[in-house]
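Asks: Just passing along the structure, written as structure tokens.
The values are calculated or read from the model by the stated rules, or taken from the named source; none is laboratory data. All figures in this text were calculated on a predicted structure; none of them were measured in a lab. Quick reminder, even Gly has a Cβ in these numbers, built from the backbone with ideal geometry, and neighbours come from all protein chains shown. Remember, those area values only see protein heavy atoms, side chains included, never the ligands or the DNA or RNA. Shrake-Rupley method; radii C 1.70, N 1.55, O 1.52, S 1.80 Å.
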Amino acid sequence: MTRYHATSNGNVPFTAAEETERDAEEAAYLAGANDRAAAAARQERNGLLAATDWTANSDVTMATEMTAYRQALRDVPTQSGFPSEVTWPDKPA
């Protein structure tokens, strides 16, 4: 499929070299999909951990359920389907 540059004079087709360069860029982007998904999952996990950081203050006794929840969040990257299939732990009440 031919790609085009949009110019004020209309669409100009890519040269063969530009097509090759764009194909390489797209391949590199697709190759990084897993890394981007992992980064997004870790960012989500970090946000969930941050939301419960107050439970780890020295003047608060952390409930066993909260300790288990926070550990399960830390273990998310070790799940077998990570990062495409993440099972998020349920936050205790």
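Asks: Which one of 17, 28, 38, 24 is under 30 Å from residue 92 (Cβ atoms) and open to solvent by less than 80 Å² (accessible area, probe 1.4 Å)?
Replies: 38
Asks: So, of the residues in region 43-82 that are of a type in the set (Gly, Ala, Ser), open to solvent by less than 60 Å² (accessible area, probe 1.4 Å) and under 24 Å from residue 33 (Cβ atoms), which turns out to be modelled with the lowest pLDDT?
Replies: 81
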